[in-house]
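The values are calculated or read from the model by the stated rules, or taken from the named source; none is laboratory data. Since we're looking at a predicted model, the values are computed, not measured. Please note: Cβ atoms are built from the backbone with ideal geometry, for glycine as well, and neighbour counts cover all protein chains shown. Accessible surface areas use protein heavy atoms only, side chains included; no ligands, DNA or RNA. Shrake-Rupley method; radii C 1.70, N 1.55, O 1.52, S 1.80 Å.
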There are 2 protein chains.
Amino acid sequence: MNGTPFESKNVLITGGLGFIGSNLARRLVEFGAQVTLLDSLIPEYGGNLFNVTGLEDRLRVNISDVRDAHSMRYLVQDQDYLFNLAGQTSHMDSMEDPYTDLEINCRSQLSILEACRNYNPGIKVVFASTRQIYGKPDSLPVSEDHLLRPVDVNGINKMAGEWYHILYNNAFGIKACALRLTNTYGPRMRVKDARQTFLGIWVRRLVEGRPFEVWEGQQLRDFTYVDDAVDGLLLAAACPQLNGRTLNLGGDCVISLQDLAELLVEVNGGGEFKVCSYPADRKRIDIGDYYSDFSRIRAAVGWEPKVALRDGLARTLTYYRQNLEHYV
Amino acid sequence: MNGTPFESKNVLITGGLGFIGSNLARRLVEFGAQVTLLDSLIPEYGGNLFNVTGLEDRLRVNISDVRDAHSMRYLVQDQDYLFNLAGQTSHMDSMEDPYTDLEINCRSQLSILEACRNYNPGIKVVFASTRQIYGKPDSLPVSEDHLLRPVDVNGINKMAGEWYHILYNNAFGIKACALRLTNTYGPRMRVKDARQTFLGIWVRRLVEGRPFEVWEGQQLRDFTYVDDAVDGLLLAAACPQLNGRTLNLGGDCVISLQDLAELLVEVNGGGEFKVCSYPADRKRIDIGDYYSDFSRIRAAVGWEPKVALRDGLARTLTYYRQNLEHYV
């Protein structure tokens, strides 16, 4: 990904201290962008100040919440790009507390877009959506033509949040597009628990020398290394032909969770896991197998995953061996 | 539709003083149900006390708002059926004030379902969804397998509201299903303006002896007479095989708006209309042609429209010739 479109540009990243946001921020700073990170630092979410260690003098951190319409109204002004990554990501939490999920993933998206419409209609917005909104697939791999049938409150609200972006592009001319991310992993992900990704807790346990749990194990998934996801977000921002579109990202391979666990142990040079059955509350929102067809974004702008799963897992383990204390 | 399932049953209708709600209430009272109507009587919406004239002693009216979680919590208790019809219906209003649409069509649906989950998990819920959530169709007629691509805020929020119902059925066992209504018309619809249906304002103008406006005119649509829509809602409530499903209703024929205008004038025995181009703010959320494939609900429970368009229009005109003063 060529950095020219971002040189000296003003860029706002919601959820900017989180996993994907902070990796994106690092790249944008290298490209010479003027980066502002907005993050609420809610303890259950992905924000972590350690994620921008070493960059403190090269970007601006603004602690606030996307639910705060007044701060959003101020912060979107004069921005060239908005990477809209803030979100409640836990499927389980959304089922326990659907209102908070709605406020963040649904209502706040409206207020961010309203702020753009009223105070900065020339901005380009890239929204991080999720494969979760497809629900349990009818057929694999899943393309963007698959029906959306979300299986949890989080999926429903993310679906609405995504569509607000497409609507504001089509009806109000706010340039926007959405990427549906599959399982993204890599340095700076939340590893304290499984709220962001189950791979986080696997990696933590392995680095701590403790066994991790694999639920069921036969489900197929695909995984995107965070640098590849960042490439996708940057292309989505830079390429006007994606305005008004929703596009899948995907992984370099398809793997069962049990095989993934074995690969992770192998790359780690040792470790243990046990295969368990699903807890009942988790089972009822399970989606079975999922992997995505990302041919649409490949055809449109040439995106494809470049980091092989084995390499990505190795880099991730290396990162957490060095930095685990800042994440637990 | 056989009334036996509803005899002596407790039935709550949100939006119960509105167009469809009040027609449904009349039928349920005939069937011997104990009916409670909940309505906010917000002046821009469809609620009208005149809609239940003559029934005052045979049902209970409770003026409150679906956004009031406390009143909902009380009112869902001891109900056997909930017909969940309350909604903000204006596409244009949703674009001017997206937050109110979100509060009513999205957040309130969550709180109604949470009330059922916590205080009456045995209830059966039927949700009135809309063909608006399909957006501009790729192919006609539109079946339930068509992608949802809403073109306005109202469509996005109704889509989320519908999915909450399916989710609470699948994940929490709250029996629920959703019907996607197409253009519904008939006695007791709002005719003051076009907020509920453009046919309302056409009928009003015609009865007042004034010309009405047809925008563009070549768009194809289908129409469901309200008695047929009520049949569909009652079947949806009575038939457990529909739990967890979303099903289209439809019309007995497909007609262009200009042909509809001509038919309405003919049935009225006179009148005038003029064909105008779309206002710009309306054009950008137009969906082109739409008519629905209702074969799924026909196959499942035998529903199909019984009232021909010409008859339905005649009955509607007769009603408003007699009662217009109560609607303007």
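Observations, loosely collected:
- B:R107 being within 14 Å of chain A (Cβ to nearest Cβ) and assigned to a loop (DSSP other than H, G, I, E, B): no
- Every condition in (1) within 13 Å of chain B (Cβ to nearest Cβ); (2) open to solvent by 10 Å² or more (accessible area, probe 1.4 Å) is met by A:Q196 except one, and the failing one is (1).
- Residue count, segment B:47-63 (criterion: open to solvent by less than 30 Å² (accessible area, probe 1.4 Å) and either part of a strand (DSSP E or B) or under 25 Å from B:G122 (Cα atoms) (or both)): 1
- Any pair with Cβ under 6 angstrom, 6 or more apart, that starts in segment B:251-279 at a residue that is open to solvent by less than 20 Å² (accessible area, probe 1.4 Å) and ends at one that is among the aliphatic types (A, V, I, L, M): B:S256/B:L220; B:L257/B:V214; B:A261/B:V214; B:L264/B:L313
- Residue among B:D93, B:D78, B:D97 that is open to solvent by 50 Å² or more (accessible area, probe 1.4 Å), among the charged types (D, E, K, R) and under 29 Å from B:I287 (Cα atoms): B:D97
- Screening A:E44 with (1) on the phi > 0 side of the Ramachandran plot; (2) open to solvent by 30 Å² or more (accessible area, probe 1.4 Å) gives one miss only, at (1).
- Any pair with Cβ under 9 angstrom, 6 or more apart, that starts in segment B:282-296 at a residue that is without any contact (Cβ under 8 Å) to a residue 12 or more places away in the chain and ends at one that is open to solvent by 40 Å² or more (accessible area, probe 1.4 Å) and not in a helix (DSSP H, G or I): B:K283/B:W215; B:K283/B:E216; B:K283/B:S277
- The lone exception for B:S71 - which of (1) farther than 22 Å from B:L233 by Cα; (2) open to solvent by 60 Å² or more (accessible area, probe 1.4 Å) it fails: (2)
- B:V66 being modelled with pLDDT under 95, open to solvent by less than 20 Å² (accessible area, probe 1.4 Å) and touching a Ser or Thr at 6+ places or on another chain (Cβ under 6 Å): yes
- Considering B:L247, B:L234, the condition of being more than 19 Å from B:N183 (Cβ to Cβ) and under 17 Å from the mean Cα position of the chain (by Cα) is satisfied by B:L234 alone.
To keep it simple, each residue is scored yes or no on (1) polar (S, T, N, Q); (2) within 20 Å of A:F198 (Cα to Cα); (3) modelled with pLDDT of 95 or more.
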residue: A:A238; (1), (2), (3): no, no, yes
residue: A:C253; (1), (2), (3): no, yes, yes
residue: A:C276; (1), (2), (3): no, yes, no
residue: A:A314; (1), (2), (3): no, yes, yes
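- Each residue in segment A:280-293 was checked for being over 23 Å from A:V126 (Cα atoms) and either assigned to a helix (DSSP H, G or I) or open to solvent by 40 Å² or more (accessible area, probe 1.4 Å) (or both), and 6 pass.
- Just so you know, in segment B:117-144 the residues that are basic (K, R) and either surrounded by 24 or more Cβ atoms within 10 Å (Cβ to Cβ) or under 26 Å from A:A171 (Cα atoms) (or both) include one that is farthest from the other protein chains (Cβ to nearest Cβ), and it is B:K124.
- Qualifying residues in segment A:145-165 (those that are open to solvent by 10 Å² or more (accessible area, probe 1.4 Å) and in contact (Cβ under 8 Å) with a residue 24 or more places away in the chain) - the one farthest from the other protein chains (Cβ to nearest Cβ): A:K158
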